[in-house]
Structure formats: structure tokens, C-alpha cells
Amino acid sequence: MKIIADTHTHTVACDHAYSTFSENAARAKTAGLDFICATEHASAMKGAPGPVYFSTLHNLPRVLDGVTIIRGAELNILDYEGGVDLTEGVLKNLEWVIASYHSVCIEPADIAAHTRGWINIAANPLIHVIGHCGDSRYNFEHKPVLEAFKTAGKIVEINNHSFHVRPGTHENCKKIAIACAEYGVPIVVSSDAHHATHIGELGDAIAMLGEIGFPEELVLNADSTRFLSAVSRVSGKRVTP
Ligand SMILES: [Zn+2]
Ligand SMILES: [Zn+2]
């Protein structure tokens, strides 16, 4: 499976990533990618940029080194009631909004709370992508959550970085991917790179999808037209490379 977009990347705009947009784009070009989503941590994470950063992303060139930059964010989920850390006014201008549970911003609770949390996130039309939900510290009930994601048109991310840093990811992601195929929920694979050398590193996620025979037509970033139409469907914005 050929992937054309890395849908989750960080830069020096936050204090724990180490490459610039230009370095990330150059690496993406080398890796044969056509797109990267710039999805910096939103403001509740220590060392992340403030709302002004996210509302001025239009100052970035649309294309760097032949690679199209999609303007996004990785929101921190703040509670189990749907709270996130950028306002509607900022979110409505973004093209690719991920929401994730990060333990520095929200303590893991129990399955009922994590499940309620994802269902509340699903109800927010300004959130497009479900970030690294294979993290076993935040296990949830698959059936109601995947049904909510399907109904709300959400995209589930299979995060390659998680395979190395988040406990239980491989088995959990496999079960989630099987459920996505069953419910017809589309997915993307991403690197969550915090340094340019990791852009386009997707091997573990792709191998796992191969193991379970995941249907390629549900992998939104395996085809440029499919990816751009997903960006436009979720964000209401037409991105022209
Ligand atoms: Zn994250
Ligand atoms: Zn991230």
C-alpha cells in the first residue's frame, strides 16, 4: 500500500519536537509523500503554541518542496464531556483537526468514562480525526464509540509512533482496525513525527493492516483524490495543491 500523506506531524513550534516545516517537507519529499498535515499540540499541553499560532497558519506556504501542507492541530481532550483546548472560532479555520487523550492533560479514568469521552468528541463537528485511540491506558467500548464515529463521519488514526511508545498498542490497534472495517469507519495511518527523520515512518501500522487484510479503500491517505475529498468533506475546505 502506497501512502501519499503523513497526517500527523509536529515541528519546533512546540518545545518537544525538533524540526522545522521546511525540514519536515524536505523529508516528506524524499519519502515520496505529496502531503503532510501540520498538527501541532494545542495550547493546554505545556510548551505548545497559543491560539494565535493556529489562527495564523495561513501564513505558511501551501506548498513546500513540492509537498502540500494541510493546516491542522492536535487538540488535547481536557475532560470526558467533550472539552478541548481551542475555541470554535480558531477551529473553524483549520483543515485537519485531531483530538487525542494525552496523560499530561487528562488522567486515564475507566472504560465508561473513556467511552463517554469519545462519544462526546464524536458530537463535535469541528473535530475530524480520532488521535491514537489504541492507547491501552484509555481503553473504551468499541461498539458504541465506532458507531458514533461512523454516524458523525469521523476518521480514526492508526498512529505508528504509538507502536513504540504507548503500551498495548499493537493488539489494541488491531482490534480497533478490525472494528473500523466492520463498521465502515475510514482510517488514516500517521507517523506523529517529532523530528523530520520520522516523517513517513508508517511500517508498523501498515504491517498490522496487512495482517488483518484491512480494506484499502477505507485508508483515506492511500490515494490523493480520496485524501483531498476527505479533507474537504470533514473541514468544508477545498485544498488545492
Ligand atoms: Zn498525541
Ligand atoms: Zn502528536
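Here, each number is a calculation from the coordinates, and none is a lab measurement. Everything numeric in this text was worked out from a predicted model, so none of it was measured. Reconstructed Cβ throughout: ideal geometry from the backbone, glycine too, with neighbour counts over all protein chains shown.
Listed values, structure above:
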{"item": "Positive dipole terminus of segment 5-235, leading residue within 13, 66, 176 (C-beta point charges)", "result": "66"}
{"item": "Sparse-neighbourhood loop sites, GluC sites (Glu not before Pro) in segment 9-103 - DSSP loop, at most 11 other Cβ within 10 angstrom", "result": "81"}
{"item": "Value at 222 nm in deg cm²/dmol, rounded to 500, when DSSP H runs of n ≥ 4 in the chain each add -39,500 (n - 2.57)", "result": "-9500 deg cm²/dmol"}
{"item": "Unit charges on C-beta of K, R, D, E only; dipole of segment 5-235, Debye", "result": "300 debye"}
{"item": "Cubic angstrom per residue, convex hull over Cα atoms of the chain", "result": "103 Å³"}
{"item": "Spacing of the two label points (7 Å from each Cα toward its C-beta) at residue 104 and residue 79, in nm", "result": "2.3 nm"}
{"item": "Under 19 Å from residue 154, Cα to Cα: lysines that are on another chain or at least 8 residues apart", "result": "92, 143, 174, 175, 237"}
{"item": "Length released on extending from residue 87 to residue 1, taking residue separation times 0.36 nm less the Cα-Cα span", "result": "27.3 nm"}
